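Let me begin by presenting the structure, written as structure tokens, before commenting on it.
Computed from the coordinates by the stated procedures, all read-outs in this text should not be read as laboratory data. None of the values given here were measured: they were computed from a predicted structure. In this analysis, Cβ positions are derived from the backbone assuming ideal geometry, glycine residues included, and neighbour counts consider all displayed protein chains.
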């Protein structure tokens, strides 16, 4: 897309979405895949050591003999999904990046793993009572607007069997305490994350409330200017419990991360384990 530079730099309304879907851009999605697959990098997925510990803890807490069918939403290139499959789950992974799903399919085939992958946006998930476990990992839940979070909660609730479990993670308000507002710029001469050609990257870091921040990235080349909006919502126990209970989930556990570390006042992430304990109680958006 192309918009005037000064228009692209304007502070957007709360939760305004990027018009350019960078996760499916032919160039950017390849850069994201490289970040996913870097074992030392936390930029797109967590580092390999963390993923290994996390997958092992999830298997311990949610025994695949008791919870055999698992849906991994926002699965990326299948880093967790493959480990889940090797642990004994029947795994389905969905992601909105065509490139990530393509890689995941090829990797599963090469490793002779029976995993179902679909190129799909989990905001459009419709599979009534099909799974025993659903996972949404890497704090993706907090990147969504209030309306979209309600949609995800309802969709996941609907696709889970009675008594099934939903595990996801979010940033805590403690992490927001370290967020610094400001602006930066840099000139990339080529082969950067956002473009293969030369570009200027202008980033504004803004707080919108005591629970929301924005990383507003504007990319300007010789031929086009494109803004990208990356939102984060930060939660405390009361906020996440209210959103979960509003659709009928029961909170079974709160942890410091998805390796099962204890949740403390200093934790910058919070892993949330929910149980589908009743019928859907509300079809309204969160207030």
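Per-structure values
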{"read-out": "Residues satisfying the stated conditions in the range 86-99, i.e. outside any strand (DSSP E or B) and either out of contact with any strand residue (DSSP E or B) (no Cβ under 9 Å at 6 or more places or on another chain) or within 13 Å of residue 135 (Cβ to Cβ) (or both)", "value": "86, 87, 88, 89, 99"}
{"read-out": "Sole exception among (1) closer than 20 Å to residue 165 by Cβ; (2) more than 20 Å from the chain's Cα centre (by Cα) for residue 75, by number", "value": "(2)"}
{"read-out": "Residues within the range 10-29 that are touching a helix residue (DSSP H, G or I) at 6+ places or on another chain (Cβ under 9 Å), assigned to a helix (DSSP H, G or I) and surrounded by 13 or more Cβ atoms within 10 Å (Cβ to Cβ), tallied", "value": "5"}
{"read-out": "Selection within the range 143-170 - farther than 16 Å from residue 14 by Cα and in contact with a helix residue (DSSP H, G or I) (Cβ under 7 Å, 6 or more places away or on another chain)", "value": "151, 152, 153, 155, 166, 167, 168, 170"}
{"read-out": "Tally, over the range 100-114, of residues that are in contact with a strand residue (DSSP E or B) (Cβ under 6 Å, 6 or more places away or on another chain) and buried (at least 23 other Cβ atoms within 10 Å of the Cβ)", "value": "1"}
{"read-out": "Any chance residue 28 is over 20 Å from residue 134 (Cβ atoms) and in contact (Cβ under 8 Å) with a residue 24 or more places away in the chain", "value": "yes"}
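Residue by residue, here is whether (1) without any contact (Cβ under 8 Å) to a residue 40 or more places away in the chain; (2) within 30 Å of residue 207 (Cβ to Cβ) holds:
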site: 97; (1), (2): no, yes
site: 101; (1), (2): yes, no
site: 108; (1), (2): yes, no
site: 118; (1), (2): yes, no
site: 125; (1), (2): no, no
site: 128; (1), (2): yes, no
site: 138; (1), (2): no, yes
site: 144; (1), (2): no, yes
